[in-house]
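The values are calculated or read from the model by the stated rules, or taken from the named source; none is laboratory data. Quick caveat: nothing in here was measured; it's all calculated off a predicted structure. Here Cβ is always computed from backbone atoms with ideal geometry, including for glycine, and neighbour counts include all displayed protein chains.
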């Protein structure tokens with residue numbers, strides 16, 4: 001019994017040992033299997049990090065072998081591509097440029113506190129209609145708060161910190177000179193199309209992408225433009241005129257150095273202007289300019305060798321009956337006058353008698369050659385066409401002294417430049433480009449010099465009408481014109497066309513005042529005496545203004561005050 005128990009006990013011990021050993025072996029296999037997987041992962045991770053280290057090492061090595069570019073900076077050419085070329089003046093002064101600008105739009109769904117938003121808008125933008133904004137704000141539709149923001153307006157809106165304010169970028173055209181070039185540059189619309197001035201006339205060239213980095217250069221000098229505009233503004237106040245205008249030409253090339261018409265406007269502010277007073281009076285305005293036409297009559301009579309400057313016309317009547325009309329002079333002139341005196345004193349009857357000697361066909365042909373009867377040609381769309389008329393009855397007689405014929409001031413200034421530069425026809429231009437040599441001659445050099453001498457005497461002679469333009473050293477010559485506005489008996493258009501220096505005229509200046517009044521408060525330096533007058537003829541306003549302008553722009557034009565006299569003496573000596 002005991003033996004059996006012992007055997008059983010041993011057997012039980014053996015059995016437990018067998019199972020225990022089997023468990024250990026089994027677990028050993030499991031542990032070894034897990035270790036193999038862990039080692040594989042370690043190898044993979046090691047290989048991955050080794051590759052990263054190798055890549056960075058290669059990159060660092062390559063960078064270290066390259067030349068340093070610490071101070072180089074390359075601008076991204078696509079960051080801002082202008083749609084339109086710059087415009088500059090003859091000296092490179094910026095006149096027009098495209099810049100990045102913004103519209104302000106509102107997305108109502110992003111405005112949390114609409115009452116607070118409206119209150120902020122009222123504080124920052126009191127001119128914007130609150131009722132309009134409120135209606136739009138609660139309609140939940142996307143809308144524009146303000147277009148064409150200024151930098152100040154954009155900053156104000158941005159500082160409000162509202163997510164619902166959306167800034168839409170676009171290209172805006174800016175004009176740094178503001179009003180100064182309003183009648184020359186013009187404007188563009190929101191779609192980048194020119195709608196007036198140079199912007200319209202040269203629209204295709206200004207949008208030429210191939211030349212986008214090449215600005216278009218004008219012939220105008222900004223400094224001269226400013227000085228002339230300033231003097232015209234003073235004249236408007238002094239003479240209480242309705243308008244004023246001036247154009248300065250290079251008499252040899254036709255370059256327009258200045259073109260001003262008042263009133264003007266700021267072309268940065270896009271407003272529709274329908275008031276006729278704002279037209280470009282130099283190129284678009286068509287006027288009867290009066291006695292400035294007498295110069296053309298005298299020039300043609302000299303060119304045709306009908307008379308000479310000292311030819312004496314005898315028995316000039318005080319009045320002439322022509323058809324049903326009676327023509328007379330405003331002043332009483334001598335009965336006998338030379339051709340020179342007729343122009344210096346500005347006699348209607350004397351000029352009329354010369355025109356009859358010339359004949360209608362010759363006179364018509366001469367006016368056409370001077371391009372006074374056609375639409376002017378210049379790089380602007382704002383040009384006027386002289387009114388058509390029939391040559392019958394007394395038309396030759398009245399046209400000879402500037403009555404009954406209309407033209408633009410630009411055409412008259414161009415004609416004076418042609419007569420004074422040796423007789424070569426010039427073509428006015430606003431674009432600074434290679435100029436063609438003058439080859440079409442309207443009058444001879446001899447006739448041109450005779451006309452220049454007479455125009456100088458209009459300024460210097462005691463009987464001349466333009467004494468106030470006799471600015472020392474500038475050798476000014478010219479002709480006045482005082483004409484009655486059509487249909488308005490008490491209103492005048494006063495003009496003075498000047499050339500200088502007379503010995504070799506390089507510049508032609510036309511100044512015009514619309515309906516000037518007498519200025520008894522002005523003290524005139526008239527032939528060495530200080531006087532006051534209560535008259536409104538051209539000799540007392542446009543001539544006075546022209547003298548002021550020439551005195552200021554002369555140094556800029558680099559005219560030596562004694563140069564003209566030296567050249568004149570040298571020429572006579574030769």
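Residue 473 - would you say it is in contact (Cβ under 8 Å) with a residue 60 or more places away in the chain and under 15 Å from residue 538 (Cβ atoms)? When the stated conditions are applied, residue 473 does not pass them.
Yes/no matrix, rows are residues, columns are (1) in a loop (DSSP other than H, G, I, E, B); (2) at pLDDT 90 or above; (3) closer than 30 Å to residue 261 by Cβ:
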site: 148; (1), (2), (3): yes, no, yes
site: 152; (1), (2), (3): no, no, no
site: 155; (1), (2), (3): no, no, no
site: 161; (1), (2), (3): yes, no, no
site: 180; (1), (2), (3): no, yes, yes
site: 192; (1), (2), (3): yes, no, yes
site: 205; (1), (2), (3): no, yes, yes
site: 214; (1), (2), (3): yes, yes, yes
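Does residue 530 meet the test of being surrounded by fewer than 18 Cβ atoms within 10 Å (Cβ to Cβ) and outside any loop (DSSP other than H, G, I, E, B)? Taking the combined requirement at face value, the residue satisfies it.
Residues in the stretch 362-394 that are touching a residue at least 60 places away in the same chain (Cβ under 8 Å) and over 26 Å from residue 281 (Cβ atoms): 362, 363, 393, 394. Considering every residue within the stretch 236-245, establish whether at least one is in contact (Cβ under 8 Å) with a residue 60 or more places away in the chain and within 30 Å of residue 441 (Cβ to Cβ). Checking the stretch 236-245: at least one residue is in contact (Cβ under 8 Å) with a residue 60 or more places away in the chain and within 30 Å of residue 441 (Cβ to Cβ).
Against the criterion of being out of contact with any strand residue (DSSP E or B) (no Cβ under 6 Å at 6 or more places or on another chain), more than 23 Å from residue 553 (Cβ to Cβ), free of Cβ contacts under 8 Å to residues at least 24 places away in the same chain and in a loop (DSSP other than H, G, I, E, B), residue 517 does not qualify.
Quick check on residue 195: is it closer than 24 Å to residue 275 by Cα, surrounded by 20 or more Cβ atoms within 10 Å (Cβ to Cβ) and over 12 Å from the mean Cα position of the chain (by Cα)? Answer is no for this residue. Residues of the stretch 326-355 that are more than 44 Å from the chain's Cα centre (by Cα) and surrounded by fewer than 13 Cβ atoms within 10 Å (Cβ to Cβ): 326, 332, 334, 335, 336.
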